[in-house]
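To start, the structure itself, in structure tokens.
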């Protein structure tokens, strides 16, 4: 039996993050591996979202015609492009922070090797979070370039949209790292995709306006991170400033900070023996 | 217990770790002097790996202190100064954690960066590290293309990237063939000659005897013996062992005339072990019985280990 007076209190997993610049060599390590596979990875990352965009945007767009957003009528392809790019940021960050981070953490034991050097777990988790966000930035940048080439939007505010997508990448990679910390194997991530990400795709106004949904679903959907990302990015695609920008930005930021903290605590618990 | 005469480099005092009902490390104390190789031996589940993990700050002890004195600026304490201590340690874990996507040279470069070194600091050291690991010809190969021994030597080279004073090696030769094991031993001897200190866990008694200045025998988390390998054998064992097998061997264990010639008799499976001060007379007595196969050898570390920790198989590992 553990005697209270004898046992030294182990620090709480919920203690504040101990972060330093030691995350950088870990981030750099992921970059150097990925650089070897960048071209196939690039094609994989942007081909699928673009196929969706072209098939649905032009195919469905012909049926749907125009969609009304905040009293302005826009072509369906613009409506879809501005939503699906948020979804691409989410997917890119989530895949990296789930499957790839799990490989490094659990399968290859890369993290264990790193932690035998003077790099703490907190910095490793930070590096993985930023790396997954970077993958989202990379994907989003490539897709934006193609959208510009296709002439879907020429809004100068796309620069601001890009910054919002960078932030969304951080939010979604932090959320995904929670599930990485809980996973026993790759199969676990199927739950995250089918029970969390797929419903969110349909409840966040990516494919159709949220006005189509019943009131209570809309109230719920308003607090989903993807909804807030879309609410910020879509007007910017239309060369308008989003309404309630502060609130949407704040929701994304709170999700990011809270999710990173939870992910860190659960990862510490996973590594505490 | 033999006191270490020189000021220690690394000191562990009254270390204790429990998991639920089980005490895996129980009041363990030891010191490592500069240039010394301390071997930790013990059956599976004796607490060897947990001890190493506590020394690395990866597992928090329930009680006890771990202090490193090699920092120059006074004593450093685990786990508080974990990063400062690890900056001066080299670690080879039981299972390789090499990066499968990088070549040998890249593995060393990437690992060096975790210590805060720049590319320009590490690059000139890579050829000598590869040469030390006898991997110069494999510089561009990935770990997947290496043999088990090469991987372990790359892990050792990686642990040297920060020129550490103390190396923590957890079963560095497990799973290697004799050639690879001998090459690893030779490299570790070179490191000891260069003045490095080593903490080594192993299941191989010949390895412990060959490399270690001192040995620590652990069982059930407790230190049950400590000392120089030869001293331990002399202290706990008779100088000679006669193993007897064959028809009727087992009945010999109860023979009064043989018992008088042996200090201790052990039976394991179909073999009887006689531990004796006087092997000549014992062998003569055995020869008169006929039909037996005998093997006479000096007592070794394996005998000591089995005497101290028993012959039964440990289920956990």
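The values are calculated or read from the model by the stated rules, or taken from the named source; none is laboratory data. Note that the structure is predicted; figures quoted are calculated from it, not measured. Neighbour counts are summed over all protein chains in view; Cβ atoms, including those assigned to glycine, are modelled from backbone coordinates with ideal geometry.
Checked against the criterion of being over 27 Å from residue A:55 (Cβ atoms), within 11 Å of the chain's Cα centre (by Cα) and away from chain B (no Cβ under 14 Å), the stretch A:149-165 has no qualifying residue. Per the conditions (1) under 20 Å from residue B:311 (Cα atoms); (2) under 28 Å from the mean Cα position of the chain (by Cα), the sole criterion not satisfied by residue B:231 is (1). Could you tell me whether any residue of the stretch A:120-135 is without any contact (Cβ under 8 Å) to a residue 40 or more places away in the chain, more than 14 Å from chain B (Cβ to nearest Cβ) and within 24 Å of residue A:39 (Cβ to Cβ)? So far as the stretch A:120-135 goes, no, none of its residues is without any contact (Cβ under 8 Å) to a residue 40 or more places away in the chain, more than 14 Å from chain B (Cβ to nearest Cβ) and within 24 Å of residue A:39 (Cβ to Cβ).
Taken as a whole, the stretch A:107-118 holds no residue that is more than 14 Å from chain B (Cβ to nearest Cβ) and crowded, with 22+ Cβ neighbours inside 10 Å. Somewhere in the stretch A:123-133, is a residue more than 30 Å from residue B:154 (Cα to Cα) and either touching a strand residue (DSSP E or B) at 6+ places or on another chain (Cβ under 8 Å) or assigned to a helix (DSSP H, G or I) (or both)? Taking every residue of the stretch A:123-133 in turn, at least one turns out to be more than 30 Å from residue B:154 (Cα to Cα) and either touching a strand residue (DSSP E or B) at 6+ places or on another chain (Cβ under 8 Å) or assigned to a helix (DSSP H, G or I) (or both). Going by the conditions given, is residue B:45 in the same structural domain as residue B:154 (by TED's automatic domain parsing), crowded, with 17+ Cβ neighbours inside 10 Å, at positive phi and in a loop (DSSP other than H, G, I, E, B)? For residue B:45, the condition - in the same structural domain as residue B:154 (by TED's automatic domain parsing), crowded, with 17+ Cβ neighbours inside 10 Å, at positive phi and in a loop (DSSP other than H, G, I, E, B) - is met. For the stretch A:75-106, the candidate set comprises residues that are touching a strand residue (DSSP E or B) at 6+ places or on another chain (Cβ under 8 Å) and surrounded by 21 or more Cβ atoms within 10 Å (Cβ to Cβ); within that set, the residue that is nearest to the other protein chains (Cβ to nearest Cβ) is A:79.
Checked against (1) within 30 Å of residue B:302 (Cβ to Cβ); (2) in a loop (DSSP other than H, G, I, E, B); (3) within 14 Å of another protein chain (Cβ to nearest Cβ), residue B:23 meets all criteria but (2). Restricted to the stretch B:187-301, the set of strands (runs of 3 or more DSSP E) holding at least 3 residues that are at pLDDT 90 or above and in contact with a strand residue (DSSP E or B) (Cβ under 7 Å, 6 or more places away or on another chain) comprises B:197-201, B:214-219, B:222-227, B:240-245, B:271-276, B:293-298.
The number of residues in the stretch B:90-140 being more than 7 Å from every other protein chain (Cβ to nearest Cβ), under 20 Å from residue A:37 (Cα atoms) and in a helix (DSSP H, G or I) comes to 5. Among the residues of the stretch A:8-39, those identified as within 7 Å of chain B (Cβ to nearest Cβ) and more than 20 Å from residue A:108 (Cα to Cα) are A:8, A:10.
Quick check: is even one residue across the stretch B:168-175 in a helix (DSSP H, G or I) and touching a residue at least 24 places away in the same chain (Cβ under 8 Å)? No: the stretch B:168-175 contains no residue that is in a helix (DSSP H, G or I) and touching a residue at least 24 places away in the same chain (Cβ under 8 Å). Checking the stretch B:73-83 against the condition returns no match, with no residue being outside the structural domain of residue B:143 (by TED's automatic domain parsing), surrounded by fewer than 21 Cβ atoms within 10 Å (Cβ to Cβ) and in contact with a helix residue (DSSP H, G or I) (Cβ under 9 Å, 6 or more places away or on another chain). Counting only helices (runs of 4 or more DSSP H) that fall entirely inside the stretch A:157-241 and contain at least 3 residues that are modelled with pLDDT of 95 or more and closer than 24 Å to residue A:138 by Cβ, the qualifying elements are A:158-182, A:225-237.
Go through the residues of the stretch B:59-66 one by one and say whether even a single one is within 24 Å of residue B:188 (Cβ to Cβ), touching a helix residue (DSSP H, G or I) at 6+ places or on another chain (Cβ under 7 Å) and buried (at least 19 other Cβ atoms within 10 Å of the Cβ). Within the stretch B:59-66, one or more residues are within 24 Å of residue B:188 (Cβ to Cβ), touching a helix residue (DSSP H, G or I) at 6+ places or on another chain (Cβ under 7 Å) and buried (at least 19 other Cβ atoms within 10 Å of the Cβ).
Residues in the stretch B:52-89 that are in a loop (DSSP other than H, G, I, E, B) and facing another protein chain (nearest Cβ under 8 Å): B:56, B:58, B:59, B:60, B:61, B:62, B:87.
Looking across the stretch A:242-257, just one residue is surrounded by 15 or more Cβ atoms within 10 Å (Cβ to Cβ) and assigned to a loop (DSSP other than H, G, I, E, B), and that is A:242.
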